[in-house]
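Working notes, structure below.
The values are calculated or read from the model by the stated rules, or taken from the named source; none is laboratory data. Being a predicted model, the structure only gives us computed values, none of them experimental. Neighbour counts run over all protein chains shown; Cβ positions are idealised from the backbone, glycine included. To get the accessible areas, we keep the full protein, side chains included, count just its heavy atoms, and leave off ligands, DNA and RNA. Shrake-Rupley method; radii C 1.70, N 1.55, O 1.52, S 1.80 Å.
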Amino acid sequence: MSVEVTTPQVVHDVTIRMAGDSGDGMQLTGDRFTALAALAGNDLATLPDFPAEIRAPAGTLPGVSAFQVRIADREVTTPGDDAAVLVAMNPAALRSELPRLAKGGTLILNGDGFDERSLIKAGYDADPRETGELEAFAVIDVPMTSLTKTAVKGTGVSGRHAGRSKNFFALGVLSWMYSRDTEPVNAWIDSKFAKDDAVRQANRKALFAGHAFGETAELAAVQMIVPPAVRAPGTYRSVDGNTALAWGLIAAGVCARLPVFLGSYPITPASAILHELAHHPDAGVRTFQAEDEIAAITAAIGAAFGGHLAMTTTSGPGLSLKAEALGLVDALELPLVVVNIQRGGPSTGLPTKTEASDLMQAMYGRHGESPLPVIAASRPSECFEVAIEAARLALKYRTPVILLSDGYLANSSEPWLVPDVDTLPDISVEQTTELNHDRGDGSAEFWPYERDPETLARPWAVPGTPGLEHRIGGIEKADGTGNISYDPDNHQRMTDLRAAKVAGIAADIPLVEVSGKVDSDVLIVGWGSTWGAITHAMARLKNAGHQVAHVHLRHLNPFPANLGEVLGRYSTILVPELNSGQLSRLLRAEFLVDAHSISKVAGQPFSAAELTARISEVLR
């Protein structure tokens, strides 16, 4: 039975979650719905949540793949707390994800997936649609699989594969519910499946069938629209953190006027950076997929010695393997950007889940005294500029720089204002081509460790430059000449010089800025991807009568020059982290302040509601 379609109801902020087997295409469905929201001008944030197994047993809880997106007509900083709408393609998806659906929310079920075998595999003793446990929700039971099979008849896809387009049916339903034009999806389907006309037609027909179902069934009474957000003028696109970071590394090469070299070994969740950079040889990018993590970083060190802007990408386990080579490049004092997309650990841990527990490893995870600059991105779009900043510091100070992101930032998306290339900074440095040391008899020679008095950076002499031959290697070098030296006083001096060079970066980075209630007694100190949850939580705390201040750190070593003075102004310091309190320990050690840790190590980012509750508990 159809009902009369009314004017869509305006909603200002909505969170949608979709879930199914890892082979049901939920990540693709979420990605395409996100693209439609971006084209409609909404602000948005996403949270892909998928299993580590390539294909877990179908119909089981470990095999559930989910995607959450929040869209709004105002600024969005998190992918939302509880969802207003949950699409569940089978009983396992329902059981796994139902706790994330708000009471009174809309539950869209693929009724065809609720057969007896699937219910048993998901751990249900009875069909939840008949037991009353879904009474708190608005349930829309749709036979998606059978309707999809009917829709795709005549396209040429096999019977066994006919139901695989049901994710596009679900996308059609959501597109109708939120008044989205499906033509951009059709254009994407035509491009993506151009080589398989049967699949192309099947996906188009399934999308149309899902949209038509929303228009003709009882579902018509719940059509909504989310108006576009008010934005600064410019060109926007949806971007995830890994893509933004890859483009930032490309831009860094352009800004430095240097060819880019990436030595990388594939590892979740960093591999997408290698994949993206491999598409851009025309931008002066060379990518090398090495046989292991050690080969990846040592190849990058070779490229740095050869005058390239050199990079290596990895995740926590790979950073552990790169530790010795990191010490080598620190001793060589060559520029290198080391990107670590953090994930759950230890060991293999949780490859597809997020964590920010590699801060101590970045700070101290090498033998000997070898401090390195460490910086961190706070949101997906910021990964672009943080990549350029990492390259700037590496080149200017001739040092490896560790750039920290995490699995949440890597895979989540948000709108990004594409920058004017003319506004990007010039980070170029001059490579040495002349002799630089006076022997005292009127003649000159090349000293590879003759330092710039301002930055303490040594010369960058590219191999093959006449007269600038010099030794390299991991054994300690004599100050100035670079000759091998076991002299204890020289080792003390070189250790002090390398540390002073990194410490001196504090004068070359912005001071921290305090937001929120600046004259509050309470300061929240964050770093990395906690920015979004902290920002949203602060608004909720303000509404509840709690006035707090906030500092978010991009530069973690060295800390900004005024951080100690800022911390000293507050009697209560709270540090939310996706680890067991690593930054709070650093702040306590460095500034002797009583920093309270609010930690989470669950493979998931903080939600705003969760963080608000945790902070409120401490304040009480």
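Determine Rg/Rh for the range 94-167; Rg is computed over alpha-carbon atoms and Rh is the Kirkwood hydrodynamic estimate from the same atoms.
Values: Rg = 14.4 Å, Rh = 13.8 Å.
Reported Rg/Rh, Kirkwood definition of Rh: 1.04.
Highest mean first, how do 335-345, 28-38 rank when packing is the count of other Cβ atoms within 10 Å averaged over residues? Don't skip to the end; give the middle numbers.
Working: 335-345: 27.5, 28-38: 22.5.
The densest-packed peptide leads the list: 335-345, 28-38.
Once Rh for the range 370-483 is found with the Kirkwood sum over Cα pairs, what is the Stokes-Einstein diffusion coefficient at 20 °C and 1.002 mPa s, in µm²/s? The partial results should precede the final answer.
On the way: Rh = 17.1 Å.
Result for D is 126 µm²/s.
Hey, can you grab everything whose amide H is under 5 Å from the amide H of M224? Only 5+ residues off in sequence or another chain; H modelled, so Pro and N-termini drop out.
Amide H neighbours of M224: Q9, Y178, S179.
How big is D, in µm² s⁻¹, for the range 546-620 by Stokes-Einstein at 20 °C and 1.002 mPa s if Rh is the Kirkwood radius over C-alpha pairs? Walk me through the numbers before you get to the answer.
Values: Rh = 13.3 Å.
For the chosen part, D equals 161 µm²/s.
Which percentage, to the nearest 5, of the DSSP beta bridges contained in the chain is antiparallel? Present the calculation step by step, with values, prior to reporting the outcome.
On the way: 30 of 83 bridges.
Bridges in the chain that DSSP calls antiparallel: roughly 35 percent.
So who's got an amide H within less than 5 Å of the one on L574, skipping anything under 5 residues away but keeping other chains? H placed 1.01 Å off N, in plane.
L523, I524, V525, H596
Run the accessible area of the chain with a 1.4 Å probe and give the carbon-and-sulfur part as a rounded percent. Walk me through the numbers on the way to the answer.
Numbers: 13350 of 25730 Å².
Using a 1.4 Å probe with all protein chains present, the chain comes out at 52 percent carbon and sulfur.
Output wanted: per-residue J couplings in Hz (rounded whole) for the range 527-537, from phi through Karplus 6.51 cos²θ - 1.76 cosθ + 1.60, θ = phi - 60°, x for Gly and Pro.
In residue order, the calculated couplings are 8, x, 6, 5, 3, x, 5, 5, 4, 5, 5 Hz.
Around V239, which amide H atoms from residues at least 5 apart in sequence, or from another chain, sit under 5 Å from its own amide H, with H modelled in the peptide plane?
Close amide H contacts, sequence-distant or interchain: E414, W416.
For the chain, what is the relative contact order in percent, using Cα pairs closer than 8 Å and at least 6 residues apart in sequence? Could the numbers behind the result be given before it?
Working: 1372 pairs, mean separation 73.1, N = 620.
Reported as a whole number, the value is 12 percent.
Which value, in Å², gives the accessible area per residue of the range 109-166 when a 1.4 Å probe is used on the protein heavy atoms?
Values: 3250 Å² over 58 residues.
With all protein chains present, the range 109-166 gives 56 Å² per residue.
Taking the Cα centroid of the range 503-533 and of the range 27-106, what is the distance between the two, rounded to the nearest whole Å?
31 Å
With N set to the number of residues, divide the alpha-carbon radius of gyration of the range 495-542 by 2.2 N^0.38 Å and report two decimals. Don't jump to the answer; show the numbers that get you there.
Numbers: Rg = 15.8 Å, N = 48, 2.2 N^0.38 = 9.6 Å.
With N residues counted in the range 495-542, Rg over 2.2 N^0.38 Å equals 1.65.
Could you list, bin by bin from short to long, the percent of Cα-Cα pairs of the range 148-293 in 5 Å steps?
2, 8, 13, 12, 11, 12, 13, 12, 9, 5, 2, 1, 0
Can you order the peptides 583-592, 308-317 by their average number of other Cβ atoms within 10 Å per residue, highest first? Before the final figure, lay out the partial values.
Details: 583-592: 17.6, 308-317: 27.7.
Most protected by this proxy first, the peptides run 308-317, 583-592.
Taking only the alpha-carbon positions of the range 474-620 and ignoring solvent, what does the Debye formula give for the base-10 log of I(q)/I(0) at q = 0.09, 0.11, 0.16, 0.18 Å⁻¹?
-0.38, -0.51, -0.84, -0.99
Over the Cα atoms of the range 213-268, each weighted equally, I'd like the Debye log10 I(q)/I(0) at q = 0.25, 0.31 Å⁻¹, rounded to two decimals.
-1.08, -1.21
Taking the chain as the region of interest, what is the percent of Cα-Cα pairs per 20 angstrom bin, listed from the shortest bin to the one with the maximum distance?
18, 47, 27, 7, 1, 0
Project the alpha carbons of the range 253-373 onto their principal axes and report the range along each, largest first, in whole Å.
Extents along the principal axes: 38, 33, 26 Å.
In a solvent-free Debye calculation with one equal scatterer on each Cα, what is log10 I(q)/I(0) for the range 302-413 at q = 0.11, 0.15 Å⁻¹, listed in the order of the q values?
Each listed q corresponds, in turn, to -0.32, -0.60.
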